[in-house]
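The values are calculated or read from the model by the stated rules, or taken from the named source; none is laboratory data. These numbers come from a predicted model, not from an experiment. No Cβ is skipped: glycine too gets one built from the backbone with ideal geometry, and neighbour counts run over all protein chains shown. Each accessible area value is taken on the protein alone, full model and side chains, heavy atoms only, with ligands, DNA and RNA left out. Shrake-Rupley method; radii C 1.70, N 1.55, O 1.52, S 1.80 Å.
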Amino acid sequence: MIRFLLKGLLRDRSRSLLPFITVMLGSALTVIGFSWTNGAMSSMIESGARFSTGHVKVMSRAYAKEADQAPNDLALAGAGSLLAGLAREYPNLDWTPRIAFGGLIDVPDAQGETRVQGPVAGLAVNLRDPGSPERGLLNLDKAVVRGRLPERPGEILLSDGFAARLGIGPGATATLISATMYGSLVVQNFVVAGTVRFGIAVMDRGAMIADIDDMRGALDMADSAGEILGFFRDSPYRRDEAASLAAGFNSARHGDGGEFAPRMVSLHEQSGLAQTLDFAAQVYSLMLVFFILVMSIVLWNAGLMSSLRRYGEFGIRLALGEDHGRLYRSLIAEGTIVGFLGSAAGTALGLAVSYYLQNTGFDLGSMLKNASVIVTDVLRARVTPASYVIGFVPGLAATFLGKAVSGIGIYRRETSRLAKEFEG
Amino acid sequence: MTETPLIVTKDLTKTYPMGLHTIAALDSVSLSFDKGEFAGLVGPSGSGKTTLLNIIGSLDTPTAGSAVVMGQRIEALTHKEAARLRNRHVGFIFQTFNLLPVYTVYENVEFALLLLGLPPAERRRKVLAALEWVHLADRAKSRPAQLSGGESQRVAIARAIVKEPDIILADEPTANLDAQNSHNILRTMARLNGELGTTFIFATHDFKVMQYLRRTVTLIDGRVDTDQQTDGRPGTSGAGEQP
């Protein structure tokens, strides 16, 4: 009987090809949509991580409590030895120190008097050390709009919009007015090496990036760092592993009660990111459920249409002595065969596209005028083990349910009526 | 000793709701058919011929009265039991042939045997024998769309006889055929009836069919009007030779 059903499926395209294509496309779109959304979320996490949170971050306990205000008077002391210790203890992570600061950028005129000023948010990173991961993390090579990256002491990068507003460009002198970690006034001259695009309006309005050695000197923070960021070297952010890492680090230093003792936090623990990401995950799940629901309804209707068209055939099969249950089961078997093949093909197609988008990505940078520091210019999908089942299971289930529901008509219509419909 | 009739109906009534009223398709029909009969239900459209055929074939159930076919009360059968009765004892031939279009002639005829669960070799033997009977063995691999009307109806006959049923119910089997093909089909059926002893009951208002009947039951408005024995020997007009 299975051979009989298979022959019918192969010969009647409306019975096989149309549902097959529907299931295949539905499954493929689900897999691609899932992987793409997954990739977008990972990309969002990674962008935030690279610019600000790291996958994990080490701060002093006191600093951690006020981290939003970047209180440099509570920064980590002895950052060099702490960094070396972290690199030794966690060799699978890249570690990099940073100092966040704020102040005013003052642009002098020919007489040395203030020509124009603007508030600035600053980030000091290891720019000049060849072994530093910062250039890659902040996408600096691509984000430069004018000029070049700092190569010599005393050189900085300004956000391009900010530099334009101040009326300066590469080679100009800009004076930073800020405060040391001990609260004293700082007035330090820098040379603008280049301008960059951050990709976030608030940063593009007034931000600077300086080398951490320069800023340690300027802010009187020798061998200090506001925070030390850690990044998984081999792959994107892994929530559970980061949380376990932070818990282990903090547990080992539990006995050290000092306010300046280091404390590690994972990405999720920072700036309400846990809630944001959980909310995003919920929204994402709802979208996925909606998508699957739509696909199920489409497949159900396809099954219904197919069954309605075949009521006459069912009638003649009943007249020839096939019982209702067997006919119903054969209909579901057909649906399951088509659903299985369509879902498998759709999953394979979806995975192929997703892997391509994961490896090659979609290069927004080529469409935009400039890449940016924070917002990634290459959007990528991300294939996870869930990608292998997210399209297959609903594809199969929707086909099965579609046939099961639409086939109920076999029971609800009188046998003589079904047989008669064949003649129409 | 008298042989038990294959089919017995007693006060068989079938009504259909029609808005606020009910329409009686059959009204207290009492009939019996013996093995080997070549009988016809004749009458105008709406007289209840097809309804009676459907009930005898367990495709439908009576509203009142009883129909006993092969010793089984139709009104008491479950879906499964009715299917078993049709599968083992009843063959159908329809006005529009009702062949499954995606399957070949061979597969259409084989389908009834698949339901019986016969082994492949036996199925093959029986299908080829049935096709030989209707002179269509050479069209075994054709699809219904490639057949003429007469050939299609002969396939339907092969499908009905392949499981060697006790009863074949034919609802207007010649309605879509020209005179030549009608006579060919009817001769084939008469030959089956004569050689295999299969009981044939027709629902028809085609005079060509009536010529072949040995018993004619006339239905008017759902009631039996007349029940006559006839000679079943048609004239020669329009009749061809072998199909």
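Tabulated data for the structure shown
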| quantity | calculated |
| --- | --- |
| About the Cα centre, charge dipole magnitude for the stretch B:168-212 (Lys/Arg +1, Asp/Glu -1 at Cβ), debye | 160 |
| Whole-angstrom gap from the stretch A:195-257 to the stretch A:118-134, using each part's C-alpha centre | 11 |
| Kirkwood Rh in Å, taken over all unlike Cα pairs in the stretch A:1-122 | 20.9 |
| Calculated P(r) of the protein assembly as shown - Cα pairs past 34 Å, % | 62 |
| Value at 222 nm in deg cm²/dmol, rounded to 500, when DSSP H runs of n ≥ 4 in the protein assembly as shown each add -39,500 (n - 2.57) | -14000 deg cm²/dmol |
| Most positive-pole-ward Cα, A:Leu9, A:Leu357, A:Val145, against dipole of the protein assembly as shown from beta carbon charges | A:Leu9 |
| Cα-based equivalent ellipsoid, the stretch A:1-49: semi-axes from gyration tensor eigenvalues, Å | 41, 9, 4 |
| Acute angle (nearest 10 degrees) that the helix A:324-359 long axis makes with the longest principal axis of chain A, alpha-carbon atoms | 20 |
| Low-density loop cleavage sites - chymotrypsin sites (Phe, Trp or Tyr not before Pro) in the stretch A:196-281, where at most 16 other Cβ are within 10 Å (DSSP) | A:Phe260 |
| Crossing angle, helix A:239-252 versus chain A [Cα axis fit, 0-90 degrees, rounded to tens] | 40 |
| Across B:Lys49/B:Lys80; B:Lys80/B:Lys163; B:Lys14/B:Lys126, pairs whose alpha-carbon gap is larger than 30 Å | B:Lys14/B:Lys126 |
| DSSP bridge pairs, the stretch B:7-229: antiparallel proportion in percent, nearest 5 | 55 |
| B:Asp27 long-range amide H proximity, modeled H, under 5 Å | B:Lys14, B:Arg223 |
| Those chymotrypsin sites (Phe, Trp or Tyr not before Pro) in the stretch A:130-192 that DSSP places in a loop and that have at most 10 other beta carbons within 10 Å | A:Tyr182 |
| Accessible surface of A:Trp36 - all protein chains present, 1.4 Å probe, nearest 10 Å² | 80 |
| Beta bridge orientation in the protein assembly as shown: antiparallel %, DSSP, nearest 5 | 70 |
| Simple Cβ-charge dipole of the protein assembly as shown, Lys/Arg +1 and Asp/Glu -1, about Cα centre, in debye nearest 20 | 2020 |
| Lys pairs under 23 Å by Cα in chain A, provided they are eight or more residues apart or on distinct chains | 4 |
| For chain B, built as a Gaussian network whose Cα springs stay under 10 Å, the top-fluctuating residue of B:Pro144, B:Pro17, B:Pro44 | B:Pro17 |
| Nearest-ten-degree value, helix A:13-48 long axis tilted from longest Cα axis of chain A | 10 |
| Whole-Å semi-axes of chain B's equivalent ellipsoid (Cα gyration tensor) | 28, 21, 17 |
| Global geometry of the stretch B:137-185, whether rounded, prolate or oblate, following the gyration tensor of its Cα atoms and the 1.5 cut on a/c | oblate |
| Backbone HN-Hα couplings from phi across the stretch A:146-152 [Karplus 6.51/-1.76/1.60, Hz, Gly and Pro as x] | 10, x, 8, 7, x, 10, 10 |
| Between the stretch B:73-133 and the stretch A:2-60, the Cα center-to-center distance that results, in Å | 45 |
